[in-house]
1. Of all residues being in a loop (DSSP other than H, G, I, E, B) and of a type in the set (Lys, Arg) in the stretch 38-62, which is surrounded by the fewest Cβ atoms within 10 Å (Cβ to Cβ)? Just the residue, please.
2. How many of the residues making up the stretch 114-151 are assigned to a loop (DSSP other than H, G, I, E, B), open to solvent by less than 50 Å² (accessible area, probe 1.4 Å) and closer than 25 Å to Ile63 by Cβ?
3. Across the stretch 6-24, what is the total count of residues that are open to solvent by less than 70 Å² (accessible area, probe 1.4 Å) and either aromatic (Phe, Trp, Tyr) or touching a residue at least 40 places away in the same chain (Cβ under 8 Å) (or both)?
4. I need the full set of residues from the stretch 88-113 which are open to solvent by 20 Å² or more (accessible area, probe 1.4 Å), modelled with pLDDT of 95 or more and closer than 29 Å to Ser8 by Cα, in order please.
5. Inside the stretch 188-234, can you point out the residues that are under 18 Å from Arg135 (Cα atoms), open to solvent by less than 60 Å² (accessible area, probe 1.4 Å) and not hydrophobic (A, V, I, L, M, F, W, C)?
6. For the stretch 24-44, check the following and say yes or no: at least one residue is modelled with pLDDT of 95 or more and closer than 19 Å to Leu219 by Cβ.
7. For the stretch 63-74, which positions are open to solvent by 10 Å² or more (accessible area, probe 1.4 Å) and not in a loop (DSSP other than H, G, I, E, B)?
8. Report yes if some residue within the stretch 75-87 is outside any loop (DSSP other than H, G, I, E, B), of a type outside the set (A, V, I, L, M) and buried (at least 22 other Cβ atoms within 10 Å of the Cβ); otherwise report no.
Amino acid sequence: MGVVDPFSVARAAGLELAGKSEGLTLTDGTMELRADFTRMHPRLKQGRLQQELLVKAARTKGIESPWAIDATAGFGEDSLLLAAAGFTVDLYEQDCVIAVLLKDALDRAADDPALAAAVARMRLHAGEDSIAGLRHITELIEQDKLATPDVVYLDPMFPERTKSAAVKKKFQILHHLEQPCADEESLVEAALAARPRKVVIKRPVKGPLLAGVKPSYQLAGKAVRYDVLVPPRP
């Protein structure tokens with residue numbers, strides 16, 4: 001199979017990828033969308049970062065250099081929070097258009113002194129299926145060729161319920177490319193099979209459980225909640 005061209009994929013979806021001074025931009029002709037980590041600066045400050053619900057949900061006591069797998073990276077903002085909190089993060093983004101926007105954001109952020117250290121701990125697997133990636137990691141673990149991850153993070157796309165019309169339209173652009181997770185069971189099974197200390201799942205605050213799996217505990221905010229699965233340790 002040849003290399004998939006994200007520019008052709010975008011055009012086939014009625015969208016356009018355009019290089020601009022602010023960064024690589026996806027547009028439908030009326031609305032523009034780009035991945036950009038600079039707006040994350042306030043959330044990365046010490047004190048503020050430790051209060052992030054995701055950081056609290058993923059926290060692993062006694063692990064000096066924790067490793068997280070973000071199986072549904074999107075624009076990578078959650079991965080950036082984890083990386084800023086000290087995790088090395090492997091980001092999987094299967095959609096080639098979203099992945100190229102994310103790579104552009106990572107490249108720009110690497111030149112930002114406030115973001116560079118965190119970005120250096122983020123490894124993008126562009127265009128790779130995360131279920132297959134998790135299964136491969138599990139094979140390496142079973143062969144004693146790889147340590148188990150500390151956290152597997154799942155944030156499958158769910159219908160946006162924000163009242164902001166502008167944000168809604170931006171998510172409509174993404175829905176041209178990527179649909180909500182169609183195989184929730186396989187995603188959760190692959191995450192658990194990698195034997196992490198935790199699987200952290202982001203959901204709408206009143207949304208259903210992913211694949212119907214009951215969490216060990218939950219952390220909820222005003223708009224989202226984190227369902228945390230803690231598998232028994234061998």
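The values are calculated or read from the model by the stated rules, or taken from the named source; none is laboratory data. Since this is a predicted model, take the numbers as computed values, not measurements. Glycine gets a Cβ as well: all are built from the backbone with ideal geometry, and neighbour counts include every protein chain shown. Side chains included, ligands, DNA and RNA excluded: accessible areas come from the protein's heavy atoms. Shrake-Rupley method; radii C 1.70, N 1.55, O 1.52, S 1.80 Å.
1. First pass over the stretch 38-62, keeping only residues in a loop (DSSP other than H, G, I, E, B): 45-48, 52, 59-62.
Cutting the leftovers down to of a type in the set (Lys, Arg) gives us 45, 48, 59, 61.
On the way: Lys45: 11, Arg48: 11, Arg59: 17, Lys61: 6.
Once the filter is applied, the top-ranked residue is Lys61.
2. Residues of the stretch 114-151 assigned to a loop (DSSP other than H, G, I, E, B): 114-115, 120-121, 127-129, 143-150.
So of that shortlist, the ones also open to solvent by less than 50 Å² (accessible area, probe 1.4 Å) come out as 115, 127, 148-150.
Now narrow it down to the ones that are closer than 25 Å to Ile63 by Cβ: 115, 148-150.
Going through the stretch 114-151 one residue at a time, the tally reaches 4.
3. Final tally of qualifying residues: 9.
4. Val100, Lys103, Asp104, Asp107, Arg108, Ala110, Asp111
5. Result: Pro196, Lys198, Pro231.
6. The answer is yes, given that some residue of the stretch 24-44 is modelled with pLDDT of 95 or more and closer than 19 Å to Leu219 by Cβ.
7. Trp67
8. Quick first cut of the stretch 75-87, residues outside any loop (DSSP other than H, G, I, E, B) only: 77-84.
Of the ones still in play, those that are also of a type outside the set (A, V, I, L, M) are 77-79.
Add one more test, that the residue is buried (at least 22 other Cβ atoms within 10 Å of the Cβ), and what stays is 78-79.
Yes, because at least one residue in the stretch 75-87 is outside any loop (DSSP other than H, G, I, E, B), of a type outside the set (A, V, I, L, M) and buried (at least 22 other Cβ atoms within 10 Å of the Cβ).
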